[in-house]
Amino acid sequence: QCQLNGLWRNDQDSLMEISVLRDNGDFQGQYLTRVTLSGDCAHISPLRGAQQQLGEEGWPTFAFTVRWDKFSNATTAFVGQCFVDAGGKETLSTTWLLREAVGSLEEDWKATR
């Protein structure tokens with residue numbers, strides 16, 4: 001079964017560390033992104049989320065948000081599921097939405113990626 005806590009690396013070479021996973025499925029950690037809206041270098045931002053609590057079978061689903069601290073006016077929400085392949089390798093498969101702050105309702109159309 002997948003364990004969310006620990007260090008994860010994505011295809012863009014960003015790192016996510018889930019350091020606290022509570023019994024109720026809540027978790028927190030930090031995200032070190034190498035992909036930024038401003039084009040700057042890597043930054044660490046806090047993350048908080050929740051994992052679906054499963055019995056002995058199945059792979060857990062989860063969701064978390066990252067507040068891009070100090071370098072962006074955006075927040076990203078991730079949803080996904082954890083899988084383990086036949087060799088024991090754990091993989092998180094996720095989909096994300098990034099919401100950037102805009103100055104008016106008329107600009108709302110360009111705020112979500």
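Worth a mention:
- Under the simplified labelling scheme, the Asp11-Ser104 pair shows an inter-label distance of 3.7 nm, with each label point 7 Å from Cα along Cα→Cβ.
- Among the listed options (1) 34, 22, 15; (2) 22, 17, 11; (3) 28, 15, 13, the one matching semi-axes √(5λ) of the Cα gyration tensor in Å as calculated from these coordinates is (3).
- Of the residues Asn24, Gln81, Leu7, the one whose Cα sits farthest towards the positive end of the charge dipole of the chain is Leu7 (charges of +1 on Lys and Arg Cβ, -1 on Asp and Glu Cβ, taken about the Cα centre).
- Inter-label distance, nm, simple model (7 Å from Cα along the C-beta direction), Arg22/Leu97: 2.5
- Using only side-chain charges placed at the Cβ, +1 for Lys and Arg and -1 for Asp and Glu, the dipole size of the chain relative to its Cα centre rounds to 220 debye.
- Solvent-accessible surface of the chain, averaged per residue with a 1.4 angstrom probe and all protein chains in place: 65 square angstrom.
- Of the solvent-accessible surface of the chain, computed with a 1.4 Å probe and all protein chains present, 48% belongs to carbon and sulfur.
- Heavy-atom accessible area order for Val79, Val66, Val20, largest first, 1.4 Å probe: Val79, Val20, Val66
- With at most 12 other Cβ atoms within 10 Å, longest stretch of the chain clear of loop GluC sites (Glu not before Pro) (DSSP): 58-113
- Summarising the strand pairing of the chain, around 100 percent of its internal DSSP beta bridges are antiparallel.
The values are calculated or read from the model by the stated rules, or taken from the named source; none is laboratory data. No experiment lies behind these values; they were computed from the predicted model shown. For neighbour counting, all protein chains shown are included, and Cβ atoms are generated from backbone atoms with ideal geometry for every residue, glycine included. Areas reflect the complete protein model, heavy atoms only, side chains present, ligands, DNA and RNA absent. Shrake-Rupley method; radii C 1.70, N 1.55, O 1.52, S 1.80 Å.
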